[in-house]
Amino acid sequence: MTDTPPRAVSRRQARRAAFVLTYQLDVRAGSDLDELAARYLADTGMDVPPYTREVVEGVQRDRDAIDAEVDAAAAG
């Protein structure tokens, strides 16, 4: 059996994964990123891309400020 190099993930794919993981963190009470990363690995056979993890962690860290910006811009 030969080791195959990990598949390259495009920036677009990494952003999509960040969106999905951020959504899952929001709707799955009690979940954390490490738990979802383990599920991602089981589902895709790949680790969460570093860029994806960076984005998700940033959104979680700045969640209150992001929510405030969305609330200020939202109509109705």
Looking at segment 47-74, I want the residues that are outside any helix (DSSP H, G or I) and have a partner that is surrounded by 13 or more Cβ atoms within 10 Å (Cβ to Cβ) with Cβ atoms under 6 Å, at least 6 apart or on another chain. Which pairs are those? Val48/Ala37; Val48/Tyr40; Pro49/Val9; Pro49/Ala14
For segment 4-53, which positions are under 22 Å from Ile66 (Cα atoms) and of a type in the set (Gly, Ala, Ser)? Ala14, Ala17, Ala18, Ala29, Gly30, Ser31
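All of the numbers you see were taken from the coordinates with simple rules; none came from a lab. Fair warning: this is a prediction, and the values are worked out from it, not measured in the lab. As a convention, Cβ positions derive from the backbone with ideal geometry for all residues, glycine included, and neighbour counts pool all protein chains shown.
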